[in-house]
Amino acid sequence: MTSNRMTEDRTDSNAVKALEAKHVLQTYKRQPIVIVRGEGSRVLDAEGKSYLDFISGIGVVVLGHGHAGLAAVVAAQAETLIQTSNLYYHPLQGQLAARLAALSGLQRTFFCNSGTEAVEACLKFARRFWFSQGATNRTQFVALHNGFSGRTLGALSVTANPAYREPFEPLIPGVTFVSPDDPAGLDTAVTAQTAAIIAEPIQGEGGVRPLSPAFAAAIERACTRTGTLLIADEVQCGLGRTGEPFYFPVLGLTPDLISVGKALGSGIPIGAALVAEHVATEVFAGDHGSTYGGNLLSTRAGLYVLEQLTGTSEAAVYYPPAGVIGNVRAMSSVFEHALNRLAAEHTIVQGVRGVGLMRALELTIDAAPVVEAALKAGLLVNRTAERSVRMLPPLTVTKTEIDEAAAILDRVLASVASHSEVAK
C-alpha cells in the first residue's frame, strides 16, 4: 500500500459476519471478506489483506476509494447544510441539473437516490406523458432480454430475468421483452399502445453487451413510426464509463428520458431521471416526489464528480478528452489489449466484450470459480450472466493496475482451466 492509512485498523471479521447473520436481512450472497478501507483502486480487508478493486462498488466509485477532494467537499457541505426537503429551494439542484443538461441534451432533471429510482421515475413520466396527451390506453412498455433495470416493482417489471421476477409476480402488466439480436421482433412489438421502449445502450448485468448498431437503428425506426418514447438506461454505462459522457449518441439513439445513478456521486447515493422538454411539459407538480432526492450533500458530490470527469466546472458542452474521462479513453485500449491477450492465451475464454472501462471476459464455463480464485489472489471482479467475468474498475485506474489485474487473471484462468480438466 502507498499510504499509512491503508494499514490502520483491525476489525474482527467473524464478529461482523455473525452480527449480520443475526440482524441483516439475508438478501445478498456476499463474498467472504470484510472490507474496511480503500484508497484509489485498492481496498483493505479486516485481516489487512489488500485487493485490487476492479468492480468499484458495481461501477459506482468512479473517482477511486478515499478520494481526498470528494471527501473534502462532502465534509464541508455536511458542516453547512445537508437536507432541506423539496419544499424549498437550495442552490445546488439547478447547478447540477444544468450540467447534466449540457452533457445529455435533455433539458430537465428529476433527482432521486439511486439508479433504480431513476428508472421508476422514467417509467412514470412516460406514462404521464401519454395520459396528458389523452392517449390513456398507451401504457405498455417494450424491454430487452438480458436487460436489467432494478429490483423495485416497476424496474423489475422491465427486467427480463425470470429468477428475479417470478417470486414477485404479478408485476406491472403490458411489458413485452424482445431479443436485442432481433430488430424485426422489436418492430413487431412496438405498437400504438406502447408508452416507451427501455434499453441499456450497454447491458450490464446481462453480461456487458453493447447494443448493435442494427438494433439501435431499429429502435429509432420504431420510435419514429409510432411516436413511442425511448428511455435510455445509462445507470451503469453512463457518465464516463465508456470514455463518453453517455453512450446513447455513439449508437445514434435519441432518448426522451435517461436514467442515471451509480457514477454520479462516486459513492454518495444519488440518481437522476433526465427528461426532454417535450416530456417535461406534460409532467406536473405532485406527479412524483422524493424526500431525500436532490439533497445538498448528494448534489454537491454530483457537481464535484462531474467536474472531475469532464475537467471543467462549467455547465458547457463537453469537449473530450478532458479530466477523468480523458483517462478512460487512454486506458480503454490498454484494458482491451490486456483482455484480448488473455483470450488468445486461455481456451476457457470465449471472447471479450465491452467498451472503455466496462468490460467482460466471456467464458466457456461458469464464471464463479474464476471470481473466487481472483478474490483469493487479491483481485475483485464479479460474475454476471453465469459465464461472464465483469470488470468495472475506477475510472482513475492506471496502466500499472490494469497490467497487475491481467497478470492475476492470467494465473487464475490457467489454474481454473487445469482444475476443470482434472474434474472431467
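General observations
- Using the Cβ of PRO180 as centre and a radius below 10 Å, the other residues enclosed give a net charge of -2, where K and R count +1 and D and E count -1.
- LEU153, LEU392 arranged by Cβ crowding within 10 Å, fewest neighbours leading: LEU153, LEU392
- Residue among GLU200, GLU120, GLU39 with the largest mean-square fluctuation in a Gaussian network model of the chain, springs linking Cα atoms under 10 Å: GLU39
- Straightening the chain between ALA344 and SER313 buys 6.9 nm, computed as 0.36 nm per residue apart minus the Cα-Cα spacing.
- For the pair region 18-94 / region 358-424, the C-alpha centres are spaced 24 Å from each other.
- Along region 365-371 the Karplus relation, 6.51 cos²θ - 1.76 cosθ + 1.60 evaluated at θ = phi - 60°, assigns HN-Hα couplings of 10, 4, 7, 4, x, 5, 4 Hz to successive residues, with x for each Gly and Pro.
- The lysine pair count for the chain, using Cα distances under 23 Å and pairs eight or more places apart or on different chains, is 10.
- Cα centre as origin, Lys/Arg/Asp/Glu Cβ charges: region 69-310 dipole, Debye: 220
- Positive contributions from Lys and Arg (+1) and negative ones from Asp and Glu (-1), summed over other residues with Cβ under 13 Å from the Cβ of GLU20, come out at +3.
- Most mobile of GLY134, GLY267, GLY204 in a GNM of the chain (Cα contacts under 10 Å): GLY134
- Neighbour counting of Cβ atoms within 10 Å sorts the residues ILE172, ILE270, fewest neighbours leading, into ILE172, ILE270.
- For region 199-250 and region 143-182, distance of Cα centres in Å: 17
- Near CYS112, the amide H atoms lying under 5 Å from its own belong to GLY271, ALA272, ALA273, GLY294; only residues 5 or more places off or on other chains count, and H is placed 1.01 Å from N.
- Sites listed here are GluC sites (Glu not before Pro) in region 253-336 whose DSSP assignment is loop and whose Cβ has at most 13 other Cβ atoms within 10 Å: GLU314.
- By average C-beta atoms within 10 angstrom, highest first, the peptides 285-296, 346-357: 346-357, 285-296
- Basic side chains Lys and Arg get +1 at the Cβ, acidic Asp and Glu get -1 at the Cβ, and with that the dipole of the chain about its Cα centre reaches some 220 debye.
- Since only LEU357, LEU339, VAL324 are under comparison, the one whose Cα sits farthest along the positive direction of the charge dipole of region 263-366, derived from C-beta charges on Lys, Arg, Asp and Glu, is LEU339.
- Taking other C-beta atoms within 10 angstrom as a stand-in for reagent exposure, THR84, THR11, THR396 fall in the order THR84, THR11, THR396, fewest first.
- For region 71-86, 3J(HN,Hα) computed residue by residue from phi via the Karplus equation (6.51, -1.76, 1.60; θ = phi - 60°) reads 4, 5, 6, 5, 4, 5, 5, 4, 6, 9, 5, 9, 9, 10, 6, 8 Hz, glycine and proline entered as x.
- Along region 349-359 the Karplus relation, 6.51 cos²θ - 1.76 cosθ + 1.60 evaluated at θ = phi - 60°, assigns HN-Hα couplings of 8, 7, x, 10, 10, x, 9, x, 10, 10, 9 Hz to successive residues, with x for each Gly and Pro.
Bear in mind these aren't lab numbers, they're just calculated from the coordinates by the rules spelled out. None of the values given here were measured: they were computed from a predicted structure. A quick note on method: Cβ atoms are made from the backbone with ideal geometry, for glycine too, and the neighbour counts reach across all protein chains shown.
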